[in-house]
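Enquirer: Input: one structure, supplied below.
No lab work stands behind these numbers, since they all come straight from the coordinates. Predicted model, so just to flag it, every value in this text is computed and none were measured. Here Cβ is always computed from backbone atoms with ideal geometry, including for glycine, and neighbour counts include all displayed protein chains.
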Amino acid sequence: MDKNGRIDLHTHSFFSDGVLLPSEMLRRADALGYAALAITDHADASNLEEIAVQLVRFYREGLAGFGLTFVPGVELTHVPPEQIAPLACRAKRLGVRLVVVHGETPVEPVAPGTNRAAVECRDVDILAHPGFITEEEAALAAANGVALEISARGGHNMTNGHIARVAQLTGVRLLVNTDTHTPGDMMDQARAWQVARGAGLTEAEAEAALGANPQAVVTRALRPLKRTI
Ligand SMILES: [Zn+2]
Ligand SMILES: [Zn+2]
């Protein structure tokens, strides 16, 4: 994986509400200098298996000829907090490598308790757009290896400054994701740097959020599996 390439770990294909096929997403990501891309389609108990089968099949069979790392993921979205841990575990057993949870963004009625359920679960890799996450929840995320997201997406990005401050207080790892749904949502490393710095991260923190932190998540996500279906 290119150390200076863009790593984006939260995007949607047309398997949920994105507009692109995975191959076109990878092609466009490659053109923007991406080193790694995760597709994390929206999932709940109704469609988790279908999303897993589609993206894991692509991971196993569809990557020849692409020049970047691909990570098959899901975003558990608006599922009740008590379903997060069992669904995250099920996703990993289905071969999904990255579990993102759709956090308590200020612009949607996400169930209270979603952030907490996500940061308590070791099968969750990233808590996306966590809104006004508390310091206690961020500390739990740090302890359980759950990274927090600085979102480039309009609306979700309203609380980026708060999330940056809580991370500075707790040491939780941050990363910058686009939450891409359409081609224009993808961004190169220079634009992602602006998002990180605009959230209030120092240069060193922004470097970590664009480099070492997402690299560590990808390395963990793609390590050899101990569990199979
Ligand atoms: Zn989301
Ligand atoms: Zn999303």
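Enquirer: Would you check which residues across the stretch 112-138 are within 16 Å of ligand 2 (Cβ to nearest atom) and among the small types (G, A, S) and list them?
Expert: A118, A128, G131, listed by residue number.
Enquirer: Working only within the stretch 66-104, note down all residues that are away from ligand 1 (no atom under 12 Å from the Cβ) and among the aliphatic types (A, V, I, L, M).
Expert: Listed by number, the residues that qualify are L68, V71, I84, A85, L87, A88, A91, L94, V96, L98, V99.
Enquirer: Related question: Of all residues in the stretch 113-139, how many are touching a residue at least 12 places away in the same chain (Cβ under 8 Å), surrounded by fewer than 17 Cβ atoms within 10 Å (Cβ to Cβ) and more than 16 Å from the chain's Cα centre (by Cα)?
Expert: 5
Enquirer: Show the residue pairs meeting these rules: Cβ distance below 9 Å; 6+ apart or different chains; first residue within the stretch 142-160 and free of Cβ contacts under 8 Å to residues at least 40 places away in the same chain and over 16 Å from A206 (Cα atoms); second residue part of a strand (DSSP E or B) and among the β-branched types (V, I, T).
Expert: Every condition considered, the pairs that remain are V146/V101; V146/I126; R153/T180.
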